[in-house]
1. So which of E:165, E:132 is more than 7 Å from every other protein chain (Cβ to nearest Cβ) and either at pLDDT 95 or above or farther than 28 Å from residue C:142 by Cβ (or both)?
2. Taking residue F:160 and the conditions (1) within 13 Å of residue F:23 (Cβ to Cβ); (2) without any contact (Cβ under 8 Å) to a residue 12 or more places away in the chain, which numbered condition does it fall short on, given that it satisfies the others?
3. Run residue C:138 past the list (1) under 30 Å from residue E:123 (Cα atoms); (2) more than 14 Å from chain F (Cβ to nearest Cβ); (3) at pLDDT below 95 and report the number of the one that doesn't hold.
4. For region F:1-48, enumerate the residues that are in contact (Cβ under 8 Å) with a residue 40 or more places away in the chain and at positive phi.
5. Those residues that are farther than 13 Å from residue C:182 by Cβ and more than 7 Å from chain C (Cβ to nearest Cβ), I need them from region F:188-197; list them, please.
6. In region E:35-58, which residue that is within 21 Å of residue E:164 (Cα to Cα) and either of a type in the set (A, V, I, L, M, F, W, C) or crowded, with 24+ Cβ neighbours inside 10 Å (or both) is nearest to the other protein chains (Cβ to nearest Cβ)?
7. In region B:68-81, how many residues are surrounded by 18 or more Cβ atoms within 10 Å (Cβ to Cβ) and over 20 Å from residue B:120 (Cα atoms)?
8. Go over the candidates D:158, D:151 one by one and state the one that is within 10 Å of another protein chain (Cβ to nearest Cβ) and either out of contact with any Leu (no Cβ under 8 Å at 6 or more places or on another chain) or closer than 26 Å to residue D:183 by Cβ (or both).
There are 6 protein chains.
Amino acid sequence: MIRSFKRILVLAPHTDDGEFGCGGTLTRFIDEQKEVFYAAFSDCEKSLPPGCPSGTLARELGEATSLLKIPAANVFNLGFEVRCFPRDRQEILDSMVKLGKDIRPDLVFLPSSQDLHQDHGTIASEGLRAFKLSSTILGYEVPWNNLSFNTTCFVTLTEDHLKTKIAALACYRSQNQRFYSSEEFLRSLAITRGTQVGVKYAETFEVLRWIM
Amino acid sequence: MIRSFKRILVLAPHTDDGEFGCGGTLTRFIDEQKEVFYAAFSDCEKSLPPGCPSGTLARELGEATSLLKIPAANVFNLGFEVRCFPRDRQEILDSMVKLGKDIRPDLVFLPSSQDLHQDHGTIASEGLRAFKLSSTILGYEVPWNNLSFNTTCFVTLTEDHLKTKIAALACYRSQNQRFYSSEEFLRSLAITRGTQVGVKYAETFEVLRWIM
Amino acid sequence: MIRSFKRILVLAPHTDDGEFGCGGTLTRFIDEQKEVFYAAFSDCEKSLPPGCPSGTLARELGEATSLLKIPAANVFNLGFEVRCFPRDRQEILDSMVKLGKDIRPDLVFLPSSQDLHQDHGTIASEGLRAFKLSSTILGYEVPWNNLSFNTTCFVTLTEDHLKTKIAALACYRSQNQRFYSSEEFLRSLAITRGTQVGVKYAETFEVLRWIM
Amino acid sequence: MIRSFKRILVLAPHTDDGEFGCGGTLTRFIDEQKEVFYAAFSDCEKSLPPGCPSGTLARELGEATSLLKIPAANVFNLGFEVRCFPRDRQEILDSMVKLGKDIRPDLVFLPSSQDLHQDHGTIASEGLRAFKLSSTILGYEVPWNNLSFNTTCFVTLTEDHLKTKIAALACYRSQNQRFYSSEEFLRSLAITRGTQVGVKYAETFEVLRWIM
Amino acid sequence: MIRSFKRILVLAPHTDDGEFGCGGTLTRFIDEQKEVFYAAFSDCEKSLPPGCPSGTLARELGEATSLLKIPAANVFNLGFEVRCFPRDRQEILDSMVKLGKDIRPDLVFLPSSQDLHQDHGTIASEGLRAFKLSSTILGYEVPWNNLSFNTTCFVTLTEDHLKTKIAALACYRSQNQRFYSSEEFLRSLAITRGTQVGVKYAETFEVLRWIM
Amino acid sequence: MIRSFKRILVLAPHTDDGEFGCGGTLTRFIDEQKEVFYAAFSDCEKSLPPGCPSGTLARELGEATSLLKIPAANVFNLGFEVRCFPRDRQEILDSMVKLGKDIRPDLVFLPSSQDLHQDHGTIASEGLRAFKLSSTILGYEVPWNNLSFNTTCFVTLTEDHLKTKIAALACYRSQNQRFYSSEEFLRSLAITRGTQVGVKYAETFEVLRWIM
């Protein structure tokens, strides 16, 4: 049978990037009985808002991924230092190679090849290196980091998928002042992407490699 | 002074493409006392829904541009045959060269260089030919015709600009079943584009040529 | 379930382009019980070698598609004039729109967006127009027509898939002097593409649109 | 009003890159009463020709920017080590974020996204990160560092603008053996770029982001 | 031996495009004993300035190519109708295929793949079709027709090569009011291109295909 | 005379990359009496298979280049640490600048600009910096490291050239389990590339800069 994806790995530079970039798609995959793994490379201890106790984002990551029904054993918090990923690129690549051996994903999500943020860019480059021979690789959009975006792949979503994505992002209470976790914006983006392919809601991805 | 645009020409393959592609921006330009010209290359007589009287789209074009406060004398309905622009390309180019001589625009809006529709593609190619030496040229987005879009230029909009755009598109009652004229979609697109540059609402354009 | 492709439509400018561009993949799809449709836009009556009876390529198309186990009722010989597709582009688009309504394919194969041949280029452009909102669209490679090729998607093949592709191309006896139907070249290309993703054999495609 | 640029910031990897890349445009902006800021990231102490006293390039930077009528208080000499910008990228980004907070520029000039020199490339990447949400961003050309250049924006110049640019570059006496500060080359480049848009003289820029 | 070019064919949409695009390079090739062929697809009878006798451009083409020392027997004036090349594309392709059979060039010059003029674009597309398997193909620049240009290949020129190019263009007296035949512009362009590779003068080309 | 290449420098990130990327072309160049230099930036001591004595790859490099008839004095083993080239980029650039001064190559081969491996990417970037003003620069393909490849230049090869390439790669006995040194794959790749330009065998290159 045409390889239909069974084991999906999300590479999130920071906690919540995965929920934002492909939260609706993950929800749909999980509904369809696929196994999802989520690796956050930094829980951004250094960037926590003042007054926030240590470990806040790690805890919120746990809540958000639990709401998405990703088993806790499938969630990895790798603890790299926020903003310094270019410096740590070889160690990050090594950790991905190890994840690849343990998980053997057939589909990997990571930031797009054009993402401007230095940590996102590092995850995108090292992720391509680690998974290029074994996995389909899709780059998710982060509109404020993309000067432009290759909208090559669309995953259509239902109202329920979108609601779950919104709820997962709402778990990040320490980040909730962020414009990008507002329901209005999340709905607007899903409607905009859906319209490009004639459906109500969608998420879009850059196809870096597709292996059937 | 840095050339600030004073005479703006919109090239719309079909009536309503201009309102969709840059209606908010036109509203803002007109608010700022700039002179706007609107050329529709086809009023799509051949594509009118059954039962629609001849001249319907021409009439709706008049209402929509009037609502945008474009003087009637600045609106041109050029009457080319819908879907056959590639066949008529030289005549279309000639009509643009004439418009250019009469209007001397310093800013021209046209479909983006990647627009898939044959009529849009013809207006984009011939428009570049006609205006490349004299004008700044911006390509507007038509999401269902763009496999991908270079979001290089953003025009920020107010709530009022957006409302006027929505009202102008509502003048096309014969087309109102179209998904792309729904208020929900128009708001979603404006919010999505605004978020890319940290404002509430925006329209985005591909910069083909910018002359200062 | 993630939409796994069920109805596949191949757009071949000329008889045998489909077998060359995606013959191994079609074989694999048919093995997996998917329904395949094949539209040849020209049987190249004007280009037949001297001494070849009229209808030769049409007959060979029947043999080749039968060998691939595509039902005869799913094979369309549309009879456009070879080398003149740009002139007939609107009629070709209309025929594709009709095919789309009748077949409702979820996956369409066509020449890549960079194919230099004028007939291939026409099928690529019009195919994108006809199927952009409804189908996943993959561009196949034709190495002597591509200055460069975006090898984004790989379909892995078995020895049997490759043998069937070779056998299908061998049905075009009137073309058999062509270098590209030699077993040596077909094997070399499959091995080269396979190596890019670490398998024995593959065919590669440009992803123009992927809808899940 | 359409945001007409009021506060312009030039990011020069090394002293004299700004004068070369956009010296004519700065002259025109200053003529038009705009406020210009100039940040040089290195004064290349390590690369001074033998026999040149320490501080030579810093002093020449002062003369050149004074000739351009940029107030001394608007000129920043940041003192990073020449050729080592990739190593110091986070510190460079931090310094840009600080400049952004202090100056709030609406227009930023930096090396183009394709500039091959490692220091230029670092300023281009970090500058995009620092200013992507707030400013129009234009990349200037450095012909011997660009394999190719996207000539998207043209600023037309008068004879006086060009003369001032030439005079400003002549202030760098320690570099005057450089081919690129010869009057003949500077005139040739301005004429070549002007001809692309039908005027006598121009400078050209890559549009990375334009916010109106 | 590495194939060093021996038979060079220039495809000029209109008389004088070849001299402008690669006149210096042709001079150098001829100095080096290579054989050059020049095909002008239109002598622009329809565009002659008022008062100009019929055949003026054909005559000037003869003078210019003679000055370049291209044998008269190697110059072809094909007489297609100016501005209408897209309509005549198949006939143009047929004429190129014939030229190819007669001349067997190992190097072909044509307008670049990005040239905006409809006649130039047609020669570029059909030329690629005609010569893709047999020849190295270089696209020349026409700065007012190129939104951007891939400066991949540089041919270095001497003062004498440049002077001959200027003299050849001066033969087109009926066009001499054209800005692009001024000595000042031709020198400026040669200096600008030379500087990109560290020499005094050069012409630049887009490499479409290089066969060694 | 058109500069025909006389001094060729190959930049190989690791021993055997040069033989794989351009071994056939080197053989042809040497047949044609050109002088070839080969710089390997790492002999991968850290990556030797278990049980392999230190110096194995350095020794195999000597055998392979000797088989290609590159004089031992023209082979440089620079000893950088495998996988860590990004960290050592300035030192690598310095070593290239020195090679350039000593050798004065007119043609340089390096990995393509799209090569995903971090060491290959470093050699590609630094090589462009070091040789951009003085040399023609061609990027070779490494299919499992290229998501896509710009096949702009083709060097046609004879059966003997291909056999020598295969024999040279066979000298790397410590790597011989590698799929890419199998004769079947090397022949398949040469046939695939040859077919793109209508010959039996070829190697393909990305043209980064061509100076004639």
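1. Numbers: E:132 fails: more than 7 Å from every other protein chain (Cβ to nearest Cβ).
On inspection, the qualifying residue turns out to be E:165.
2. Of everything listed in (1) within 13 Å of residue F:23 (Cβ to Cβ); (2) without any contact (Cβ under 8 Å) to a residue 12 or more places away in the chain, residue F:160 misses just condition (2).
3. Against the list (1) under 30 Å from residue E:123 (Cα atoms); (2) more than 14 Å from chain F (Cβ to nearest Cβ); (3) at pLDDT below 95, residue C:138 comes up short only on (3).
4. Correct list: F:16 only.
5. Once the filter is applied, which keeps residues that are farther than 13 Å from residue C:182 by Cβ and more than 7 Å from chain C (Cβ to nearest Cβ), region F:188-197 yields F:190, F:193, F:197.
6. Ranking the candidates gives E:36 first.
7. Residues meeting the conditions: 2.
8. Values: D:158 fails: within 10 Å of another protein chain (Cβ to nearest Cβ).
The match here is D:151.
The values are calculated or read from the model by the stated rules, or taken from the named source; none is laboratory data. A quick note: this is a predicted structure, and the numbers were derived from the prediction, not measured. FYI the Cβ positions are ideal-geometry reconstructions off the backbone, even for glycines, and counts take in every protein chain you see. In case anyone asks, the SASA skips ligands and DNA or RNA and just uses the protein heavy atoms, side chains included. Shrake-Rupley method; radii C 1.70, N 1.55, O 1.52, S 1.80 Å.
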